[in-house]
Amino acid sequence: MSGRALYTPLPVEVAEVRDEAPSVRSLIMQFGEEQDAAAFDYGPGQFVMVSAYGAGECTFCLASSPTEEGQIQCTFRRAGRVTSALWDVEVGDALGLRGPYGNGFPINEWRGKNLVFVAGGIGLPPLRSAIAYCLDRREEFDKLTIVYGARTVADLLYKPELEQWKEREDVDLVLTVDPGGDTPEWTDHVGFVPTILGDAQPSADNAVALVCGPPIMIKFTLPVLEKLGLARTSIYTTLENRMKCGVGKCGRCNVGPSYVCKDGPVYTAAQLDGLPPEF
Ligand SMILES: Cc1cc2nc3c(=O)[nH]c(=O)nc-3n(C[C@H](O)[C@H](O)[C@H](O)COP(=O)(O)OP(=O)(O)OC[C@H]3O[C@@H](n4cnc5c(N)ncnc54)[C@H](O)[C@@H]3O)c2cc1C
Ligand code: FES
């Protein structure tokens, strides 16, 4: 963070708006001032507060990787007041940005390991940050397996990038859509993410898993990963509790003794076992 007041957003400009899926867009933002860009040092799994002036602020994980210099990407689903205002922004518009906040993934501890990314729907953005990071430093990691599913083909995010990952020989990409949809052109898997993950059988040797998606997907994915041989200390996920300050002051995000905005949003499955039962 720069030396500005804690809650003062930094000015950013919208450099690009990308349609990703129905009701889902990415904003690519750039800092107005060079020193702000230089001071913005983040890691995969961290989040920011984005302000639409006049509408309010909301919390988004960073979908870009720090290896993609000059590019800050957030991907959001149009949900309510602020995200509807953000839906209407155009290239060149001014927004505010606070952060980066949160702990992020301990990615530097994972050098030399096999990484298994498991994402569902709009859960891909924080993992996209980690995936882009690992691909830009490919030699530092062993096998990369990505299992990604969405309800329908149209709901898959980052389609051009999925094509690129698919082409790479050093990435094992497994795509799936939920059963029951209309999938005439679809040649990949049809089935729920946990089932397809179990079929894919990624190696659990020296592996960590990153899981992000709807709670129901996470619930059924954890036992599959454990059956494959991953310990709960090696399975990471991110929580999306409602937040206000983002910096451990307001108490909006607490889960038991844990401030999700500071202690999280990244937790291991083992750490979640120690939090109150709804999590
Ligand atoms: C760490 C973190 C990372 C996040 N990353 C992303 C992201 O990358 N992309 C993205 O689209 N969203 C993300 N979210 C959720 C996002 O912050 C909310 O969807 C957003 O704040 C909604 O703002 P709004 O003003 O448009 O909606 P509001 O008008 O505030 O609410 C619209 C509806 O959404 C519900 N809602 C709002 N926030 C949440 C929440 N956090 N959890 C559950 N329900 C909620 C409200 O109860 C209401 O029903 C993240 C949240 C957190 C805490
Ligand atoms: S959001 Fe205010 S304490 Fe976490």
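The values are calculated or read from the model by the stated rules, or taken from the named source; none is laboratory data. Quick caveat: nothing in here was measured; it's all calculated off a predicted structure. Using ideal geometry, Cβ is built from the backbone for each residue, glycine included, and neighbour counts are taken over all protein chains shown. The accessibility values were calculated without ligands, DNA or RNA, using every heavy atom of the protein model including side chains. Shrake-Rupley method; radii C 1.70, N 1.55, O 1.52, S 1.80 Å.
Please identify the pairs in which a residue from segment 58-71 that is within 15 Å of ligand 1 (Cβ to nearest atom) has its Cβ atom under 9 Å from the Cβ atom of a residue that is outside any loop (DSSP other than H, G, I, E, B) and open to solvent by 40 Å² or more (accessible area, probe 1.4 Å), counting only partners at least 6 apart or on another chain. Here the result reads 58/81; 65/136, each pair linking segment 58-71 to a residue that is outside any loop (DSSP other than H, G, I, E, B) and open to solvent by 40 Å² or more (accessible area, probe 1.4 Å). When you check residue 60 against the structure, is it crowded, with 17+ Cβ neighbours inside 10 Å and in a loop (DSSP other than H, G, I, E, B), yes or no? No: the conditions fail for residue 60.
All conditions but one from (1) open to solvent by 10 Å² or more (accessible area, probe 1.4 Å); (2) part of a loop (DSSP other than H, G, I, E, B); (3) modelled with pLDDT of 95 or more; (4) within 13 Å of ligand 1 (Cβ to nearest atom) apply to residue 112; the one that does not is (4). Return yes or no: is residue 204 part of a loop (DSSP other than H, G, I, E, B), touching a Gly at 6+ places or on another chain (Cβ under 7 Å), of a type in the set (Gly, Ala, Ser) and surrounded by 14 or more Cβ atoms within 10 Å (Cβ to Cβ)? Against the criterion (part of a loop (DSSP other than H, G, I, E, B), touching a Gly at 6+ places or on another chain (Cβ under 7 Å), of a type in the set (Gly, Ala, Ser) and surrounded by 14 or more Cβ atoms within 10 Å (Cβ to Cβ)), residue 204 qualifies.
For segment 4-15, a residue qualifies if it is assigned to a strand (DSSP E or B) and β-branched (Val, Ile, Thr), and the qualifying residues are 12, 14. Scanning segment 36-56 for residues that are in contact with a strand residue (DSSP E or B) (Cβ under 6 Å, 6 or more places away or on another chain) and surrounded by fewer than 19 Cβ atoms within 10 Å (Cβ to Cβ) turns up 36, 37.
Considering 81, 77, the condition of being basic (Lys, Arg), over 17 Å from residue 94 (Cα atoms), over 15 Å from the mean Cα position of the chain (by Cα) and open to solvent by 40 Å² or more (accessible area, probe 1.4 Å) is satisfied by 81 alone.
Just one residue in the set 180, 213 is more than 15 Å from ligand 1 (Cβ to nearest atom), open to solvent by 10 Å² or more (accessible area, probe 1.4 Å) and more than 21 Å from residue 142 (Cβ to Cβ); that residue is 180. In segment 243-261, the residue that is farthest from residue 126 (Cα to Cα) out of those that are crowded, with 18+ Cβ neighbours inside 10 Å and small (Gly, Ala, Ser) is 258.
Go through segment 115-143 and give me each residue that's surrounded by fewer than 21 Cβ atoms within 10 Å (Cβ to Cβ) and touching a helix residue (DSSP H, G or I) at 6+ places or on another chain (Cβ under 7 Å). 141 - this is the single residue of segment 115-143 that is surrounded by fewer than 21 Cβ atoms within 10 Å (Cβ to Cβ) and touching a helix residue (DSSP H, G or I) at 6+ places or on another chain (Cβ under 7 Å).
In this structure, residue 18 does satisfy being in a strand (DSSP E or B), free of Cβ contacts under 8 Å to residues at least 24 places away in the same chain and within 21 Å of residue 160 (Cα to Cα). For segment 75-99, filtering for residues that are away from ligand 1 (no atom under 11 Å from the Cβ) and either touching a residue at least 24 places away in the same chain (Cβ under 8 Å) or in contact with a Leu (Cβ under 6 Å, 6 or more places away or on another chain) (or both) leaves 10.
Filtering 237, 233 for residues that are in contact with a Cys (Cβ under 7 Å, 6 or more places away or on another chain), modelled with pLDDT of 95 or more and more than 8 Å from ligand 2 (Cβ to nearest atom) leaves a single hit, 237. Set side by side, the residues 226, 240 differ, and just one is out of contact with any Pro (no Cβ under 6 Å at 6 or more places or on another chain), assigned to a helix (DSSP H, G or I), of a type in the set (Asp, Glu) and open to solvent by 20 Å² or more (accessible area, probe 1.4 Å), which is 226. Any residue at all in segment 256-270 that's among the charged types (D, E, K, R), more than 13 Å from ligand 1 (Cβ to nearest atom) and either more than 15 Å from residue 99 (Cβ to Cβ) or in a strand (DSSP E or B) (or both)? No, segment 256-270 has no match at all.
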